[in-house]
1. Could you sort 66-76, 118-128 so that the peptide with the highest average Cβ count within 10 Å comes first and the rest follow in order?
2. If you roll a 1.4 Å probe over segment 106-184 with all protein chains in place, what percent of the accessible area is carbon or sulfur?
3. What distance in nm lies between label points placed 7 Å from Cα along the C-beta direction at Lys230 and Val6?
4. Through the Karplus equation 6.51 cos²θ - 1.76 cosθ + 1.60, θ set to phi - 60°, convert the phi angles of segment 15-20 into ³J(HN,Hα) values in whole Hz; use x for Gly and Pro.
5. Which distance in nm do the two modelled labels at Asp146 and Ser29 give, with both placed 7 Å along the Cα-to-Cβ direction?
6. Accessible area per residue of segment 97-228 at 1.4 Å probe, in Å²?
Amino acid sequence: MLDSYVFQNKYLFIAGLVGLLFWTLDFFSVMRKGELILPPKYRTQNAFSIMRGILFVFGVISWLLISFALMGPKTPMGKSNVKKEINDIYFVVDVSRSMLAEDFPPNRLEAAKEQIRKFVELSPVDRIGIIMFGDKVFTLIPVTTDLKLVEQSIEQIKIGFLGSGTNIGDALGLALARSETSIAANKSIVLLTDGSANAGLMSPMQAAEKAKELGIKIYTIGIGGDPNAKLPVGRDAYGRKRYQNMPGQSMDFETLRKIAQESGGKDFVASDNDSLNEVLSEINKLERKGLEIKGRIIYKEDYYKYLMAGFFLLVFVESIRRIGYREVA
C-alpha cells in the first residue's frame, strides 16, 4: 500500500511521533501532579483498566494517522501535456530630446509610455523587457512576467542621462543579445523612435540582419512626423513655455521600414495618440507560438483523509477521558 504513495517530506513523521510521546506521558500521568477519577465504589477496576487500554490504543492509532498525514502522502495520477504561450517582447524606447515634442499630448515620450502600459495590461502571459537609448543604450529591465515591476519601470523611462543622440543600432543589438539566450518560443522587439540613427557602433541594418539570423522579429514604430511639431526649450520671463522648430525633422521612415522587412516584422507610423494605440493593439494580436511542456505529473493529495481520521479519533479519545472519566489535563 505504501508503495503507491509519493511523500512530500518523510521526516515530518518524527513530528507526529513527538506528539505521540507527549500524549502518552500525559495519558499515564507521568508529568501530572494530580488527577480526579471516579471512586472505586462507582466502578470495577477491571472494567476501568480495560477501557483505558482501549482508549490508549485508539490514541496511538490517531497519532500514527496524524504522523502519516504530516509526511504529505499523494498518489501519482499520470502525466499531462500543458500548452503554454511563452513570448518575450523587448520595448526599445528612444529617449532622445526630440521625444519631448508636444504633437502628442503631453509629449511623445509620455504618450508612448502610456501606450506601453496599456500593452502590458493586454499581455499578461508575455515577458516584457525595456531598453532605453539616446547616445548610449541602457537595459531598464530584462524580460519578466512581474507586471507590477514592469509598470514601475515604465515610470523610470526619462530623457537626459543617455544623451541626445539616436543610437538605434546598438539599442537593437543589446535587445538581440539579451533575447538570444531566452528559452521563449517567440521573441519580438518593438522599436519606438522619432528620429534617424546618428550614433553607435552597429548600424540599424546590421542589427536587422542579426535579428533575421536569430529568428527575432522587429516591429518598428515611427512616432511623430508632423512638420509643424514644436520642441519646448524652457520658459520665458513670464513663465510661459518657449518652443523651437524640431531640428532637422529627421524621421527616417525608410530605414524603419527596411529594419522591419529584413527581420520579418512590420513597420508602423503613429502620428497621434489614437494611431499609436492602434499600432500597439495590432502588435499585441500578432503571431503567438505555444510551447508544449511535457511530462508534468499530476498528483492526488491524500494527506487530508488521514489527518481528518486521526484528528477526529483523537478528539473522541480525549472526550471520553475528560468527560467520561473526569480526567483533568
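1. 66-76, 118-128
2. Within segment 106-184, the accessible surface is 53 percent carbon and sulfur.
3. Taking the simple label geometry, Lys230 and Val6 are separated by 6.8 nm.
4. Here the 3J(HN,Hα) series is 4, x, 5, 5, x, 4 Hz.
5. Spacing of the two 7 Å Cα→Cβ label points: 6.0 nm.
6. Ligands and nucleic acids excluded, the result is 41 Å² per residue.
The values are calculated or read from the model by the stated rules, or taken from the named source; none is laboratory data. Computed from a predicted model, the values in this text were never measured in an experiment. With ideal geometry, Cβ positions are generated from the backbone for all residues, glycine too; neighbour counts draw on all protein chains shown. The protein model used for the area step is the full one, side chains on, heavy atoms only, and it has no ligands, DNA or RNA in it. Shrake-Rupley method; radii C 1.70, N 1.55, O 1.52, S 1.80 Å.
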